[in-house]
Every structure is written in structure tokens, then in C-alpha cells.
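For reference, the structure is listed below as C-alpha cells.
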Amino acid sequence: MRISRRDLNFLLPAMAAASARAQQKTPVPTMTSKAYPSDTVPYKGDDKKRSREFFLSQTHGGFKVEMHETNLGPGIEAHPPHQHIHEEIMVVTEGSLEANMDGVKKTVPAGSVLVFGSNQPHNVRNPGTVTAKYYVIELRGTEA
């Protein structure tokens, strides 16, 4: 079968629209005033790495925000270096973290804040001898 350029002019937009519909995400609830008591948010994982999601919601303007807590055992890496479109803010509350920011490593103690920019390779590891606890706020935007 031979397809002309003219046929492609009609076919490609239709295929793109079908693809966009297939990729639509599950609706995210709109953010409201709410308390998240610590004892009501369950953990997933084990003593080496466990986490819990407090919320994934969107602002009144449609900007998606997610917040979770992670606990890393001594010597544990959260995950291999990776990158994504959204920005992340980490608040270290216990222990310390070694942040790998595009190949540059920086160790920070509890009370520190880490910011990972859009599409910049990053990850964290617990370099200490006690469990590290940190909270992550993901600024996912309108597409995530």
C-alpha cells in the first residue's frame, strides 16, 4: 500500500489525537485544607527503605503537587540516578543524605533542604549509621 504526503496530512493528526486520548491520566483531586495525622498514613516497604504518600492533588489552577516521606537505612540508596520533568524539594529531618546532583555529590545533615531541578540527573543515599528520614515535595505541574 502506498501512502501519499496528502494522506499523511490527514492521518498523522488523527493518530496524534488518538494517542493523546490514550495517555490521559487518572484525575487528581483538587487540594483542600486537610490534616494528615502521622498515625493514619501507612508505610510501604521494609526497614531498609520505606515510604508513605501523604497526598497527590492539584491546586485550583491545575498545578499538581505530591508529598511523601521516605526512610532510608544506613548505606541504602533511594534509587539509581534518574531525571524527570518535574522539580523536587527534599527536607531532611533525621540522619544525613548524600545527594548526587548531576554527578556532584554533597552530604547534608538533618535540617537541610535539597532542590532537584527539572531534567537534572539526581539521587540520594544514606551515608550515615542511622536511618535517614526526609520529606519530598514534587512540583509536578499541569502535565504530570
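Distance between the pseudo-spin-label points of Ser33 and Thr142 (7 Å out from Cα toward the beta carbon): 2.8 nm.
Overall form of region 38-141: oblate. Here a/c, set by the Cα gyration tensor axes a ≥ b ≥ c, is 1.5 or more, and a/b is not larger than b/c.
Computed from the coordinates by the stated procedures, all read-outs in this text should not be read as laboratory data. Just so it is clear, the structure is predicted and the values come from calculations on it, not from any experiment. Positions of Cβ are generated from backbone atoms using ideal geometry, with glycine treated the same way; all protein chains shown enter the neighbour counts.
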